[in-house]
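One structure is given here, and the rest of the page talks about it.
The values are calculated or read from the model by the stated rules, or taken from the named source; none is laboratory data. Fair warning: this is a prediction, and the values are worked out from it, not measured in the lab. Don't worry about glycine lacking a Cβ; one is built from the backbone with ideal geometry, like all the others, and counts go over all protein chains shown. These accessible areas exclude ligands, DNA and RNA; they are computed on the full protein's heavy atoms, side chains included. Shrake-Rupley method; radii C 1.70, N 1.55, O 1.52, S 1.80 Å.
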Amino acid sequence: MGQGRKPKMAVWKFASCDGCQLSLLDCEDELLKIADRVQIAHFLEASRAVVKGPYDLSLVEGSITTPSDAVRIQEVRRASKFLVTIGACATAGGIQALRNFQDVKEFISIVYARPEYIQTLNTSTPIADHVSVDFELQGCPIDKRQLVEVISAFLHGRKPNTLSHSVCVECKLRGNVCVMVAHGTPCLGPVTHAGCGAICPSYDRGCYGCFGPKETPNTSSLSRWWGRLGVGEQDLVRVFRGVNAFAEAFRKESEAHERQNDQDQ
Amino acid sequence: MPILDRNSLDLLFDALKRRGFNLVGPTLHDGAIVYDALASTADLPVGWTDEQEGGRYRVKKRADEALFGYAVGPRSWKKFLFQPVQRLWQARREGEGFRIIPEEEKPPKWAFIGVRSCELHAIAIQDKVFISGPAPDSSYPTQRKDLFIIAVNCGQAGGTCFCVSMNTGPKATAGYDLVLTEVLEPARLAIGADRHYFVVEVGTDRGAEVLRDVPHTEATEQENAAAERVVEKTASQMGRTLDTTDIKNLLYRNFEHPRWDEVATRCLTCANCTMVCPTCFCSTVEDVTDLTGEHAERWRKWDSCFTMDFSYIHGGTVRSSVKSRYRQWMTHKLATWIDQFGTSGCVGCGRCITWCPVGIDITEEVRAIRETEK
C-alpha cells in the first residue's frame, strides 16, 4: 500500500447468517487496530455510514441464491481491487446449498402461500462460481485469528499463513489424543481443512468438517473406515451434507453414498 | 545388579527432583498413555495397559499394579526436545530497518522416566540430525543438554511393535543413565507375598551417583534371571515383523510399483504418521506480522512430507499426488535415511501403524512389495 492514504475496506453480505461478519466485530482489540490501518468504508453490519467505492479490499460473505445477487456480485467485483471470500457460504455455497440436491420449486410450493412472489435460483453457489476471487478463507464461521492474519497479510503485501493441510496436524501440535483411534469416535479431521485449531477434538468430539475439504482430501478412504466404525451409508450422506455440502470433494462423496444407499434399499 | 523395590522408586524420583530435574513420563490422559509432567509414581498409569492395532488404540485395566505394563503411546519424547511449535525470534521496526530480538532459551533440565529402547534409538537418531548433522539446530541441543534418562526394558510388546525386526529393542543397550526392568512375581502357593521390584542397570556415572541416594540391594541370581526372562518374553511377543534384508535396494528397485497406487487409495495424507513418528524431524517456518507492521515474529512448526506445502517450490508442488507423498515418506524412512544418516529412520515403535486413522501398516507395505519379487 502506498503511504498516506488508508486502504478502503468493504464488507459485503450475500446469502448467509452474518456469523462471519460477526467474527470481524468479534475481533475487539484487533478491530481498533484494523480501523486504525484501514478505512472501513462499507460494513452495514457495523455502520450505516457508507463511503463510495472503489474499494482496496472487499470481504465477501454469503453465497449466490437469487437472480439479483448474481448481478450484485458482479458490481462488487468491479468495485473491488482485492476480493476475499469469507466463510463456508461464500467459498462453498453454505448450508443453503442443500437445495442443490433437491427440487427448489417443490419446496417453494409447499412453504409459501404465494410461490409466485418468490424469486430464487435453483442453486446456492460459491462466489468463485460467479466472479474471480483473490483469496478464499474457509470456515463456518471463519476463525477470527485467521481473518486478522488475512487482513495483516494484505496490509503488508505478504502471503497469509492459512495452511490447507488436515485438522489432524493441528490436533497433534496441540497434543490431543486422536478421538478416532483412541475412542472410536468418527472424525472428519483427516479430510478437513485446518484453521479452527482443532476445536472439537480438543473437547473429545469428532470434527464436523466446518472448514470444508482440505487439500487432496481422500474422503472415500475415510468413509470406508467409518463404515468399519459402524456408520451406515445414509449417515455418510448426512456427514458430508453439512455446511460444506457443495464443496466438490464433499459433494461427490455424499452423492456416492446416496447412490449406494439407494441400491441397498 | 542393584534392585529397587516398588516404594523406592518414589525415592528415586525425589533424588532427581532434589537435583533440579523436571520429571516427565507416562501418564493416563484422555484415554491414552501419554508423556507429561510427573509429580510421583502415583501419576504413572498404575495397573493400566493398552491394546494396539492398525488405526486402533484402547487402554484397559491390568490384573496387577504394574507401573510400566504397556507399549508406547501417541506422544513421543520429541515433543520435549524438538518442540511442536516454537518462536525462533522477534523483530521490531527501527527507522528504515529492524532489530532482531533473539529468543532466550534456558536448558529445561528434563528427566525422562520410562523411555523404551526403541525411543532411545529414536533420540539417538534425532541427536544425529539436530546436533552432529550438517545443519545443527539452534534449540534442540539446549533442550537435550542436561537430559537425564531412566529407561525401562519393555515388559510386554504392543500389537504394532516390531523393534526386534529393526534391532532396536526391547532391551535398552545404550543412551540411558539408568535402566529398569520391572518384575512382578505373584505369591507362590502358600508361601510369601506378591513381589514387585525393579532390576537396575547403570549406564552413566551420573546414573550411579543418583542411585547412591536411593536405598537398594543387590539382586540375587534368581532376580537377575527373572529380569532377563521379562525381556525375552517381550521379544517373543512382537505384534509385527519387518524383513529388512537389503531393504534399501528393495525400495530403490521399486520406485515404480503398483503397490504405491494401491496404498494411495487408502492414504489420507493427513500427516498423523509423521507427527507421531519419534524420528520425523521436518519443520516449516512461518513469518507473521502484526496489523501495525511494527512487529514481526518467526515461528517454527512441525511439518510433514504429506502436505502440499512441504514440496512447494516456485510454480507448484513437486509431490502433488498422494502416491508420491506416501512413497517419499516410506522410502525416506527405510532407505534413503540410510544413505543420509547411516541408519534406518525407523525404530519399529509401531506408532505410525496404530495412529494412522485408517490403519496403514508400514510392515505390510514392505511385505507387499517384497512378495512380488519372489
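What to note about this one:
- Panel note: the C-alpha atoms of the stretch A:96-237, placed on their principal axes, show extents of 55, 49, 25 Å (largest first).
- Calculated on the Cα set of the stretch A:149-222, radius of gyration then Dmax: 13.5, 44 Å.
- Over the stretch A:8-155: Kirkwood hydrodynamic radius from C-alpha pairwise inverse distances, Å: 15.9 Å
- Relative to the dominant Cα principal axis of chain B, helix B:8-18 is inclined by about 50°.
- Computed from Cα atoms alone, the Kirkwood hydrodynamic radius reported for chain A is 19.7 Å.
- Residues whose amide H comes within less than 5 Å of that of residue A:80, counting only those at least five positions distant or on another chain, are A:55 (H built at 1.01 Å from N in the peptide plane).
- Dividing the mean sequence gap of close Cα pairs (under 8 Å, 6+ apart) by how many residues the stretch B:1-111 holds gives a relative contact order of 21 percent.
- Stretching the chain fully between residue A:255 and residue A:205 yields a gain of 15.5 nm (0.36 nm per residue, less the alpha carbon separation).
- Expressed per residue, the C-alpha convex hull volume of the stretch B:181-269 stands at 254 Å³.
- Within chain A, helix-based [θ] at 222 nm, where runs of 4 or more DSSP H residues each add -39,500 (n - 2.57), nearest 500: -11000 deg cm²/dmol
- Per residue of chain B, the DSSP helices (runs of n ≥ 4 H) give a summed -39500 (n - 2.57) that works out to -8000 deg cm²/dmol at 222 nm.
- In range of the label at residue B:195: residues from the stretch B:1-26 whose backbone nitrogen is under 17 Å from the point 7 Å along Cα→Cβ: B:1-9
- Lys/Arg +1, Asp/Glu -1 at C-beta; the stretch A:167-264 dipole; positive extreme among A:180, A:202, A:213: A:202
- Chain B: projected area of the alpha-carbon convex hull, averaged over directions, in nm²: 22.7 nm²
- Heavy atoms of the protein chains alone define the surface here; on that basis the protein assembly as shown has 44 Å² accessible area per residue at 1.4 Å probe size.
- Chains B and A together, accessible area buried on both sides, 1.4 angstrom probe, square angstrom: 3300 Å²
- Among the trypsin sites (Lys or Arg not before Pro) found in the stretch B:172-273, not one is both in a DSSP coil and sparsely packed, with 12 or fewer other Cβ atoms within 10 Å of its Cβ.
- Working from label points 7 Å from Cα in the Cα-to-Cβ sense, the residue B:10 to residue B:324 distance is 5.9 nm.
- Viscosity 1.002 mPa s, temperature 20 °C, Stokes-Einstein D of the stretch B:247-371 from Kirkwood C-alpha radius, µm²/s: 135 µm²/s
- At an R0 of 22 angstrom, the distance between the Cβ atoms of residue A:118 and residue A:77 translates into a FRET efficiency of 0.25.
- Rg and Dmax over the alpha-carbon atoms of the stretch B:148-208 stand at 14.7, 43 Å.
- Relative intensity of the stretch A:54-116 on a log10 scale, I(q)/I(0) at q = 0.15, 0.29 Å⁻¹, equals -0.59, -1.21, per a Debye sum over C-alpha point scatterers of equal strength in the absence of solvent.
- Given their separation in residues at 0.36 nm each and the Cα-Cα distance between them, residue B:103 and residue B:341 gain 82.7 nm when the chain is fully extended.
- Percentage, to the nearest whole number, of Cα pairs in the stretch A:167-264 over 17 Å apart: 46 percent
- Computed FRET value (nearest 0.05) for residue A:18 with residue A:263, which takes r as the C-beta separation and R₀ as 45 Å: 0.65
- Distance between modelled label sites at residue B:131 and residue B:88, nm, 7 Å Cα→Cβ extension: 2.2 nm
- q = 0.06, 0.10, 0.11 Å⁻¹, the protein assembly as shown: log10 I(q)/I(0) [Debye, one scatterer per Cα]: -0.40, -0.99, -1.13
- Residues residue B:19 and residue B:221, FRET efficiency given R0 of 35 Å [Cβ-Cβ distance, rounded to 0.05]: 0.60
- Residues of the stretch B:254-274 falling in the label zone of residue B:301, defined by backbone nitrogen less than 14 Å from a point 7 Å along Cα to beta-carbon, are B:271.
- For chain B, excluding the exposed loop sites themselves (GluC sites (Glu not before Pro), DSSP loop, at most 15 other Cβ atoms within 10 Å), the longest remaining stretch covers B:106-255.
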